[in-house]
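Structure first, commentary second.
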Amino acid sequence: MSERGVREGISLTLEEYQQLFERYYPEICRQLAYVTGDRTSAEDLAQETFLKLYATPPRHRDNLVGWLRKVAVNLAYKHIQREQNRQKRELRTVSEGVHTTDVDQFWRRHEVKQVRSVLDKLAERDRICLILRFSGYSYAEVARAIGVEASSVGTILARARAKFRDEFNRQEGGA
């Protein structure tokens, strides 16, 4: 042990370090991608593995590849644990009612499902009319799609909106 309490390891020249990196980085990346299931995280963890080799090398040279693999797997498991803890925190945040981007996405998905459910309850003509109009189609284009006169589209749309609103409120329990 040195005065700083850091264990002494082998010393690698910059050239040796570069050779190890060039030779084993792809293998370590593949191993980490297999363990984590995420190529981007695997690349980050592989870089961290080689940083550990540089900063705190092992005591012996006899199995550097084995040391790299072991460090990589340990880093991967720590990464997976951090991700699981992050997901638990996010779920806890959702249950506590704190709004985050993930919570906002959850509510958007919920609203989309709700709108689809309401649209499914409407007559086909009303559903097509609403979808086309709110997708930016003109009254003339909506009229052609549903087979009516353009002058009738406004009335059909108003009635379809009313039916949509009534069904939406019914599903929401009168909210």
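Checking the conditions here, which among Gln47, Gln81 is within 28 Å of Phe106 (Cβ to Cβ) and surrounded by fewer than 17 Cβ atoms within 10 Å (Cβ to Cβ)?
Details: Gln47 fails: within 28 Å of Phe106 (Cβ to Cβ).
That would be Gln81, the only listed residue that is within 28 Å of Phe106 (Cβ to Cβ) and surrounded by fewer than 17 Cβ atoms within 10 Å (Cβ to Cβ).
Within region 37-94, which residues are of a type in the set (Asp, Glu), in a loop (DSSP other than H, G, I, E, B) and over 18 Å from the mean Cα position of the chain (by Cα)?
Hit for region 37-94 is Asp62, nothing else.
What's the number of the condition Gly136 fails, among (1) farther than 26 Å from Glu172 by Cα; (2) modelled with pLDDT of 90 or more; (3) out of contact with any helix residue (DSSP H, G or I) (no Cβ under 9 Å at 6 or more places or on another chain)?
Against the list (1) farther than 26 Å from Glu172 by Cα; (2) modelled with pLDDT of 90 or more; (3) out of contact with any helix residue (DSSP H, G or I) (no Cβ under 9 Å at 6 or more places or on another chain), Gly136 comes up short only on (2).
Hey, among Arg23, Arg39, which residue is at negative phi, surrounded by fewer than 17 Cβ atoms within 10 Å (Cβ to Cβ) and in contact with a helix residue (DSSP H, G or I) (Cβ under 6 Å, 6 or more places away or on another chain)?
So the residue among Arg23, Arg39 that is at negative phi, surrounded by fewer than 17 Cβ atoms within 10 Å (Cβ to Cβ) and in contact with a helix residue (DSSP H, G or I) (Cβ under 6 Å, 6 or more places away or on another chain) is Arg39.
Being at pLDDT 90 or above, in the same structural domain as Leu119 (by TED's automatic domain parsing) and surrounded by 11 or more Cβ atoms within 10 Å (Cβ to Cβ) is the requirement here; does Ala145 meet it?
Here the answer is no, as Ala145 does not meet what is asked.
Kindly list the number of the only condition in (1) modelled with pLDDT under 90; (2) within 21 Å of Tyr77 (Cβ to Cβ) that fails for Lys52.
If we test Lys52 against (1) modelled with pLDDT under 90; (2) within 21 Å of Tyr77 (Cβ to Cβ), just (1) comes out false.
Would a scan of region 117-137 turn up a residue that is surrounded by 12 or more Cβ atoms within 10 Å (Cβ to Cβ) and within 30 Å of Glu90 (Cα to Cα)?
yes
I need the full set of residues from region 47-74 which are touching an Asp or Glu at 6+ places or on another chain (Cβ under 9 Å) and either without any contact (Cβ under 8 Å) to a residue 40 or more places away in the chain or of a type in the set (S, T, N, Q) (or both), in order please.
Hit for region 47-74 is Val71, nothing else.
The values are calculated or read from the model by the stated rules, or taken from the named source; none is laboratory data. Quick caveat, the model's predicted, so the values are computed rather than measured. Cβ sites come from the backbone with ideal geometry, for glycine too, and all protein chains shown count toward neighbours.
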